[in-house]
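Just below is one structure, and these are the notes that go with it.
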Amino acid sequence: MTAHPLFDIAGRTALVTGSSRGIGLALARGLAEAGCTVVLNGRDGGTLAKAAAALPGDRVHTAAFDVTDGASVAAGIADVEERVGPLDILVNNAGMQLRAPLLEFTDADWHRILDTNLTSAFLVGREAARRMTGRGHGRIINICSLQSEVVRPGIAPYAAAKGALKMLTKGMCADWGPYGVQVNGLGPGYIRTELTEPLVQDEEFSAWVRRRTPAGRWGRTEDLVGGVLFLASPAADFVSGQVLYVDGGMTSVL
């Protein structure tokens, strides 16, 4: 039995930001396994090279640039398109988390959260869309979050950034949809990664996650791959401005 052609994305070129580890690396792996040429992005070239070496196939590239700096983004996207080829798919995955009571949150940390989780998607998305709109096609997938909808104490700035990213996704859809560019979001729930491992090991918190999630478990990075492959494929040709939550059902229940 063969896969339906609506899900065929072989031969397309995809850039995944923040993809040297965790969710970004898992998404890049999934795209590579689906036959895409994949470009890994981060700020450390050595770390990216190690990550690329672990991915399948011979069409994996790296691009080290700072997604929070406009000039760096412009130069980085230009280099990728010249060196690798025109981008068909952009996954805006770069993100970070800082936890602290809101009254104690510093100005500098507020700006770090916004720059990494929100401004980066604007900068990279805009630069990629300059080219995609001219070609009349493209897919942009912004990695939103469960916290685009709900929030816990101690992560208000992160939730503010991810909530804004949801609306930026809709705004990108409104502006670029008429030019053939579909823009959607993927909203992970509680996913087990290197960064969340301390929370996984916190027995009280981990038990809360399992109770609160209808699926009864933490998510795995592999759980997110299918959603990205769908949103990147012809099967999603008439889907735009949406956020697909992959959270085990958490956003649906009290």
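The values are calculated or read from the model by the stated rules, or taken from the named source; none is laboratory data. Computed from a prediction, not measured in an experiment: that's the story for all the values here. Cβ sites come from the backbone with ideal geometry, for glycine too, and all protein chains shown count toward neighbours. Note: accessible area is taken over every heavy atom of the protein model, side chains too, but ligands, DNA and RNA are not part of it. Shrake-Rupley method; radii C 1.70, N 1.55, O 1.52, S 1.80 Å.
Couple of notes before you dig in:
- Test: residue in the stretch 70-93 that is of a type outside the set (Val, Ile, Thr), within 25 Å of residue 157 (Cβ to Cβ), free of Cβ contacts under 8 Å to residues at least 60 places away in the same chain and touching a Ser or Thr at 6+ places or on another chain (Cβ under 7 Å): no
- Scanning the stretch 45-87 for residues that are touching a helix residue (DSSP H, G or I) at 6+ places or on another chain (Cβ under 8 Å), in a loop (DSSP other than H, G, I, E, B), open to solvent by less than 30 Å² (accessible area, probe 1.4 Å) and within 19 Å of residue 139 (Cα to Cα) turns up 67, 87.
- Filter result (open to solvent by 30 Å² or more (accessible area, probe 1.4 Å) and under 23 Å from residue 5 (Cα atoms)) within the stretch 236-252: 237, 238, 239, 240, 242, 244
- Of all residues making up the stretch 213-243, the number that are among the charged types (D, E, K, R) and free of Cβ contacts under 8 Å to residues at least 40 places away in the same chain: 3
- Among the candidates 216, 248, 241, 226, residue that is modelled with pLDDT of 95 or more and in a helix (DSSP H, G or I): 226
- Tally of residues being touching a helix residue (DSSP H, G or I) at 6+ places or on another chain (Cβ under 6 Å) and either surrounded by fewer than 19 Cβ atoms within 10 Å (Cβ to Cβ) or part of a helix (DSSP H, G or I) (or both) across the stretch 176-193: 3
- Residues that are buried (at least 17 other Cβ atoms within 10 Å of the Cβ), hydrophobic (A, V, I, L, M, F, W, C) and in a helix (DSSP H, G or I) within the stretch 1-44 comprise 23, 25, 26, 27, 28, 31, 32, listed in sequence order.
Matching residues to (1) surrounded by 15 or more Cβ atoms within 10 Å (Cβ to Cβ); (2) under 29 Å from residue 36 (Cβ atoms):
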| position | (1), (2) |
| --- | --- |
| 134 | no, yes |
| 155 | yes, no |
| 159 | yes, no |
| 174 | no, yes |
| 200 | yes, no |
| 203 | no, no |
| 208 | no, no |
| 214 | no, no |
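- Just one of the numbered conditions (1) open to solvent by 10 Å² or more (accessible area, probe 1.4 Å); (2) part of a loop (DSSP other than H, G, I, E, B) is not true of residue 103: (2).
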